[in-house]
Amino acid sequence: MPAIESVLHERRVFPPSAAASANAAIFGMDAYRALVAEAERDYEGFWARLARETLEWRKPFSSVLDASDAPFYKWFADGELNVSYNCLDRQVQNGNAEKTAIIFEADDGAVTTVTYRELLQRVCEFANALRSRGVKKGERIVIYMPMSIEGIVAMQACARIGATHSVVFGGFSAKSLNERIADASAVAVITADEQMRGGRAIPLKNIADEALAMGGCDTVKDVIVYRRSGGKVAWNEARDLWWHELTENQPGTCEPEWVGAEHPLYILYTSGSTGKPKGVQHSSGGYLLWAALTMKWVFDLKPKDVFWCTADIGWVTGHTYIAYGPTAVGATQIMFEGTPTYPHAGRFWEMIGRHGVTVFYTAPTAIRSLIKLSAAEPRVQPKRFDLSSLRIIGTVGEPINPEAWIWYYENVGGGRCPVVDTWWQTETGGQMISPLPGATPLVPGSCTLPLPGIMATVVDDAGAEVPPGEGGMLVVKKPWPAMLRTIWGDPERFKRTYFPAELGGQVYLAGDGAVRDKDTGYFTIVGRIDDVLNVSGHRLGTMEIESALVANPDVAEAAAVGRPDETTGEAVVAFVVLKRKRPEGDEATQIADELRAWVAKEIGPFAKPKEIRFGENLPKTRSGKIMRRLLRSLAKGEAITQDVSTLENAAILDQLGESR
Ligand code: WT7
């Protein structure tokens, strides 16, 4: 357990504003406590009630929680439903047919909108197209798409026919895409000719071609290509199909595939503490229940709201709070193709004004970089834009430092919008610890309290709960409906990683360190306790980066560690031993650049180490383990306080301590 490095300096408490609490779904702390008490009194009854009220079941469930094969828990297992039906058909039937579902703003500012009726029709056409290609229930489809209405259509269409999708973020390299296609044994890949971001085109189809040519992808029969830009693509007649041609004559209705609640809606790969990413598998019923409920509880979503989650559909935030949650509650949402700094760093604020966004959800990294940029350029300061429509603002993905919180609260929220700092993970399916905008007094830098039904706490290394005020490991004591079901193809790893025997095998281990406040019980997340880094809200395994580096023919050994970074939260510092002489000066700079480009090729540009340092060796213990704690100190430029008496070559500390 690492020492808690960040301590809160901001002690102000911000009560929920009158405007935010008026008509809130959960109004006041008493209402919150009543729900918490209901869950404590009758855990299964609580979830059963919510599942009946929130979703439409084709076949009602009689079993609520099935723990007979724990930790492979099942929820609502004998119930049947269809996720796409719950998201779309229900809206059309319930008077939302002509309501705008998605306002899509392209990188260049062009705006396209679809109503729920149109969205349903397009999902049906595409679902029929997939069926016409022979895609069956339970088969996997990899989606490697830009932010686009078509991206949501592809996901929802898979859900409609019971195919399990696996979305791969468009920033991943051909190699990463290849590994994910192979691991999932996908039968089809859906991609686009190009992705437009910040005025640049990224050739997704070419990258997909490269990925498929790397081998291990023989299961893939079709590559379906959405024409986004008209950019030039290579074409394989035997395999490639244009989206628009494939859907041209498809009927606009499509009978959903009714699936069991446990049917895998999707797999989403995320980084863990080994080099191999984990295919986190989510269910249909429990997952959708939580996506819809948290939209109501945490975002207090109302019919007139205009919701905007700035995440990419390639990450879990984009699954739960773009593709599924907003549609499940019939929201109007903004979907943005581009980047927050193009054509200027006021783009977010300008868009909030243009579209009248009321609920806004983004990452601390984005906030911190926009703070910096707006300090340098007054033109892009939030106050230059009309942000008066906002009523709730949220963050996700990494701890938000109190300074950034206050800036966000004052400059973006105008001092009137609650900031919901939501803690959750790819594995949890939806938000877990978060303020409720109409109830929870806010403390900057704290994600406050677990949502009703979420039994989160903090334990020590032996699994015993620690008293408030003491740091420990964040765990969830009871299974919840939206939790991951397994790791695709690796149930043992699922058990070992999330329900470790050291903690008794009963509690879900989140992998984060946390501390609860002595007076309020509020949670503060202090960062990962495993070898996972969080760079700009992107989760990266140090082992992944190391494997990428040692795959380079010049590299003998590599170790990657995180270092706190003002903007990106954490930054990667890699320590590298080359097979040849340790480079110095310009040569070192040049090789470091080459290795950074190498990592971009191996994993994706977002994984590039910020700094690479070369040594003749790495510091190791007598048993040959790399002394990571020492490397972390070196990366931070701290004085070395660890015992280094076992080091054979103490001179390497000077080499590795040199920042370039
Ligand atoms: C890890 C999960 C949740 C969707 C996006 C990231 C960190 C997430 C917070 C928060 C402090 C946070 C944790 C967590 N994290 N939200 N509000 N405060 N840390 O999902 O890629 O699965 O990453 O992100 O370390 O374990 P992910």
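The values are calculated or read from the model by the stated rules, or taken from the named source; none is laboratory data. Since the structure is predicted, the reported quantities are computational estimates derived from the model, not experimental observations. Here the Cβ is made from the backbone with ideal geometry for all residues, glycine too, and neighbour counts use every protein chain on show.
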For region 123-136, check the following and say yes or no: at least one residue is farther than 19 Å from Glu245 by Cβ and out of contact with any Gly (no Cβ under 6 Å at 6 or more places or on another chain). yes
Inside region 377-409, the number of residues satisfying the requirement of being touching a residue at least 60 places away in the same chain (Cβ under 8 Å) and closer than 21 Å to Ala311 by Cα is 11
*asked:* Take Gly414 and tell me if it is over 20 Å from Gly527 (Cβ atoms), within 15 Å of the chain's Cα centre (by Cα) and not in a helix (DSSP H, G or I).
replied: no
Of (1) modelled with pLDDT of 95 or more; (2) surrounded by fewer than 19 Cβ atoms within 10 Å (Cβ to Cβ), Arg516 fails just (2)
Log entry, pairs with first residue in region 515-529 being within 26 Å of Val561 (Cβ to Cβ) and among the aromatic types (Phe, Trp, Tyr), second being assigned to a loop (DSSP other than H, G, I, E, B) and within 12 Å of the ligand (Cβ to nearest atom), beta carbons closer than 9 Å, six or more apart or on different chains, reads Phe523/Ser446; Phe523/Cys447
Region 271-342: strands (runs of 3 or more DSSP E) wholly inside it with 1 or more residues that are farther than 25 Å from Ala184 by Cα and in contact with a helix residue (DSSP H, G or I) (Cβ under 8 Å, 6 or more places away or on another chain) are 306-309, 332-336
**Request:** For region 368-376, state whether one or more residues are touching a residue at least 60 places away in the same chain (Cβ under 8 Å), in a loop (DSSP other than H, G, I, E, B) and more than 16 Å from Gly109 (Cα to Cα).
**Result:** no
Counting only residues in region 297-347 that are among the β-branched types (Val, Ile, Thr) and more than 16 Å from the ligand (Cβ to nearest atom), the one surrounded by the most Cβ atoms within 10 Å (Cβ to Cβ) is identified as Thr327
For region 30-49, check the following and say yes or no: at least one residue is modelled with pLDDT under 95 and surrounded by 19 or more Cβ atoms within 10 Å (Cβ to Cβ).
no
Residue hits (region 408-435; away from the ligand (no atom under 16 Å from the Cβ) and either among the charged types (D, E, K, R) or touching a strand residue (DSSP E or B) at 6+ places or on another chain (Cβ under 8 Å) (or both)) are Glu410, Val412, Gly413, Arg416, Cys417
Considering region 443-458, residues that are away from the ligand (no atom under 13 Å from the Cβ) and not in a loop (DSSP other than H, G, I, E, B), and then whichever is surrounded by the fewest Cβ atoms within 10 Å (Cβ to Cβ), we arrive at Thr457
### Residue check for Ser148: at pLDDT 95 or above, surrounded by fewer than 24 Cβ atoms within 10 Å (Cβ to Cβ) and within 18 Å of Cys87 (Cβ to Cβ)
yes
Filtering region 551-564 for residues that are within 16 Å of the ligand (Cβ to nearest atom) and in contact with an Asp or Glu (Cβ under 6 Å, 6 or more places away or on another chain) leaves a count of 1
With the first residue restricted to region 532-550 and required to be more than 15 Å from the ligand (Cβ to nearest atom), and the second required to be of a type in the set (Phe, Trp, Tyr), Cβ contacts under 8 Å at 6 or more apart or on different chains are Ala548/Trp598; Leu549/Trp598
Checked against (1) within 16 Å of the ligand (Cβ to nearest atom); (2) under 17 Å from Gly471 (Cβ atoms), Asp519 satisfies every condition except (1)
Within region 494-514, the residues that are away from the ligand (no atom under 16 Å from the Cβ) and in a helix (DSSP H, G or I) are Lys495, Arg496, Ala501, Glu502, Leu503
Residues in region 78-93 that are aliphatic (A, V, I, L, M), touching a residue at least 40 places away in the same chain (Cβ under 8 Å) and more than 17 Å from Tyr266 (Cα to Cα) total 1
Result of the Cβ filter at 7 Å on region 272-286, keeping first residues that are free of Cβ contacts under 8 Å to residues at least 24 places away in the same chain and partners that are surrounded by fewer than 24 Cβ atoms within 10 Å (Cβ to Cβ) and not in a loop (DSSP other than H, G, I, E, B), at least 6 apart or interchain, is none
| request: For region 511-521, indicate whether the set of residues that are under 26 Å from Glu262 (Cα atoms) and of a type outside the set (Ser, Thr, Tyr) is non-empty. | output: yes
Quick count over region 395-407, residues being closer than 16 Å to Phe299 by Cβ and either part of a helix (DSSP H, G or I) or more than 9 Å from the ligand (Cβ to nearest atom) (or both), is 0
Of the candidates Ile224, Ile267, the one satisfying the condition of being part of a strand (DSSP E or B), surrounded by 17 or more Cβ atoms within 10 Å (Cβ to Cβ) and touching a Gly at 6+ places or on another chain (Cβ under 7 Å) is Ile267
